[in-house]
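Only one structure is covered here, and it is reproduced in the block below.
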Amino acid sequence: MVYEGNNKMIYKLAESTWSAEEKNAAIDVINSEKCTMGDIVKKFEKSFCDMIGCKYAVMTNSGSSSNLIMMACLKFIKSKYKLNDWDEVIVPAVSWATTYYPIYQNRLTMKFVDVNLDTLNIDEDIIEKAISSKTRAILAVNILGNPCDYSKLKNICEKYNLILLEDNCESLYAKYDDRFCGTHGLMGTYSTFFSHHICTVEGGITVTDDEEVYHNLLSLRAHGWTRDLPKINHVKNKSGQLIDDLFDFVIPGYNVRPNEIFAAIGIQQLKKLPMFIEYRKENYNKFMQYVNLLNQMTGNAIRVQKMTPKSIGSYFAFTMIFEGMLRGKKREIMNFLYNNGIECRPIVAGNFTKNPVLTNMDCEIFGDMKNAQIIDDDGVFIGNHARDMSDNLKLFFDVMVKYIDGVR
Ligand SMILES: Cc1ncc(COP(=O)(O)O)c(C=O)c1O
């Protein structure tokens, strides 16, 4: 979600979480004059694996790029995971644009499935009906800090022999069944863009436990060459002739490398991540107290995101779907919040299937997108931050009370 906030706002959608540590780490890299990808990126990737509990991590320049190399990997890998042209990937109808684009960009089709109005994630109970003979993978998206139900998804994938992938760009540090999100399937992705749980300016990570997948990701990240791979590898073994091995191009890949500045900042941010999440959780509890009061006043007119059973969320933002006496008033409420200093926005990208870009992609919409459209019509979110937000949340409550008094 590329949105850096409006300075006039009192309660913003996103805020900086940097302090002296991040700034000094960035300055040290600049002073070293070794800013292109190197040892610090490797160190960040190692710290990320240690924290999240995965074998391999490949940092890129954005979550979108991490999705891109994840999908490309499935097209160019040699093993049983290889997908053929126009194989089908099941996706939720609510997610960010670059969850979807890499699927089409890699000559695959996507099938949109509606979402659950409580969790905002893909409705796991519809997926089975959507599976066809062309379906090869499910791309699960953990929306706004809330894990999907991986018990259900893993059962479906096992039953139909599907590959499970996770776009976890919005849910760093969220867990399902005591396992970090992003690590439930063959690959998972993360974003470290400004508004996310940690910020490295721009940045993304693709993780996996599979060595062949990892080697393909390394090659895809940088020109499709073998330079960054060990001598014996799953893409193409090196010859041992230095110059040849530096310029051996095997996969039609990209240049989506991060740089040492992003990684140095990321190492500092990772150390603070557990603390950031604690603040986010406390803020969520306070938000819920205010929502309960507002719901008493309005006869339950505000539906909020509910955490999936067996999960621990990472609380990206506070969502509200307006129902009952507030249904149909989204624009009015958004304007009211804005005019009172509270930034707000649609939930992710609303119902993605209504966008004109679909005419440019090979895709299918399975059934109606009823819940996605409700989210589109009546859904809003306000920010959650890595600090005590008591004042902001009190402001939110007071402004909502003022609005509700006006419509009663
Ligand atoms: C679900 C999801 N996937 C992918 C992305 C893309 O991440 P980035 O902005 O780092 O490219 C986002 C961005 O917010 C997202 O929300």
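Taken together, the values in this text are just the output of simple stated rules run on the coordinates, not laboratory data. Note that the coordinates shown come from a computational prediction; the quantities given were computed from them, not determined experimentally. Cβ: placed from backbone, ideal geometry, glycine included. Neighbour counts: every protein chain shown.
Some points to look at:
- Among the residues of the stretch 184-205, those that are closer than 13 Å to Ser65 by Cα, under 11 Å from the mean Cα position of the chain (by Cα) and crowded, with 24+ Cβ neighbours inside 10 Å comprise Gly188, Thr189, Tyr190, Ser191, Thr192, Gly204, Ile205.
- Within the stretch 304-358, if we keep just the residues that are assigned to a helix (DSSP H, G or I) and of a type in the set (Phe, Trp, Tyr), the residue that is surrounded by the fewest Cβ atoms within 10 Å (Cβ to Cβ) turns out to be Tyr338.
- The residue list Asp228, Asp209, Asp149 contains one member that is farther than 19 Å from Lys42 by Cβ, of a type in the set (Asp, Glu) and either without any contact (Cβ under 8 Å) to a residue 24 or more places away in the chain or touching a strand residue (DSSP E or B) at 6+ places or on another chain (Cβ under 9 Å) (or both), which is Asp149.
- Verdict on Ile232 being surrounded by fewer than 24 Cβ atoms within 10 Å (Cβ to Cβ), of a type in the set (A, V, I, L, M), within 19 Å of Ile77 (Cα to Cα) and over 13 Å from the mean Cα position of the chain (by Cα): yes
- Per the listing Ile251, Ile261, Ile267, Ile277, the residue uniquely buried (at least 18 other Cβ atoms within 10 Å of the Cβ), under 20 Å from Pro102 (Cβ atoms) and among the aliphatic types (A, V, I, L, M) is Ile251.
- The stretch 42-61, residues that are within 16 Å of the ligand (Cβ to nearest atom) and either touching a Pro at 6+ places or on another chain (Cβ under 9 Å) or over 23 Å from Ile163 (Cβ atoms) (or both): Phe44, Met59, Thr60, Asn61
- First in the stretch 185-197 and on the phi > 0 side of the Ramachandran plot, second anywhere and within 7 Å of the ligand (Cβ to nearest atom), Cβ under 8 Å, 6 or more apart: none
- Just one of the listed residues (Leu117, Leu164) is among the hydrophobic types (A, V, I, L, M, F, W, C), at negative phi, assigned to a loop (DSSP other than H, G, I, E, B) and touching a helix residue (DSSP H, G or I) at 6+ places or on another chain (Cβ under 6 Å), namely Leu117.
- Test: residue in the stretch 164-173 that is within 12 Å of the ligand (Cβ to nearest atom), among the hydroxyl-bearing types (Ser, Thr, Tyr) and under 19 Å from the mean Cα position of the chain (by Cα): yes
Matching residues to (1) assigned to a loop (DSSP other than H, G, I, E, B); (2) within 20 Å of Lys306 (Cβ to Cβ); (3) among the β-branched types (Val, Ile, Thr):
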position: Leu139; (1), (2), (3): no, no, no
position: Cys148; (1), (2), (3): yes, yes, no
position: Lys152; (1), (2), (3): no, yes, no
position: Cys157; (1), (2), (3): no, no, no
position: Thr183; (1), (2), (3): yes, no, yes
position: Ser195; (1), (2), (3): yes, no, no
position: Cys199; (1), (2), (3): yes, no, no
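- Every residue from the stretch 47-87 that is in a strand (DSSP E or B) and buried (at least 22 other Cβ atoms within 10 Å of the Cβ): Ala57, Val58, Met59, Thr60
- Residue check for Ser133: surrounded by fewer than 18 Cβ atoms within 10 Å (Cβ to Cβ), more than 30 Å from Glu260 (Cα to Cα), touching a residue at least 40 places away in the same chain (Cβ under 8 Å) and polar (S, T, N, Q): no
- Any hit, the stretch 206-217, residues being outside any helix (DSSP H, G or I), within 12 Å of the ligand (Cβ to nearest atom) and not charged (D, E, K, R): yes
- Residue selected from the stretch 111-130 under the condition within 14 Å of the ligand (Cβ to nearest atom) and in contact (Cβ under 8 Å) with a residue 60 or more places away in the chain, by the criterion nearest to Thr183 (Cα to Cα): Asn121
- The C-beta contact set for the stretch 87-102 (first residue within 10 Å of the ligand (Cβ to nearest atom), second residue aromatic (Phe, Trp, Tyr) and not in a strand (DSSP E or B), distance under 7 angstrom, 6+ apart or interchain) comprises Val94/Phe352; Ser95/Phe352; Tyr100/Phe352.
- Taking the stretch 370-386 as the range and being within 21 Å of the chain's Cα centre (by Cα) and either farther than 25 Å from Lys12 by Cβ or in contact (Cβ under 8 Å) with a residue 60 or more places away in the chain (or both) as the test, the residues that pass are Asn371, Ala372, Gln373, Ile375, Gly379, Val380, Phe381, Ile382, Gly383, Asn384, His385, Ala386.
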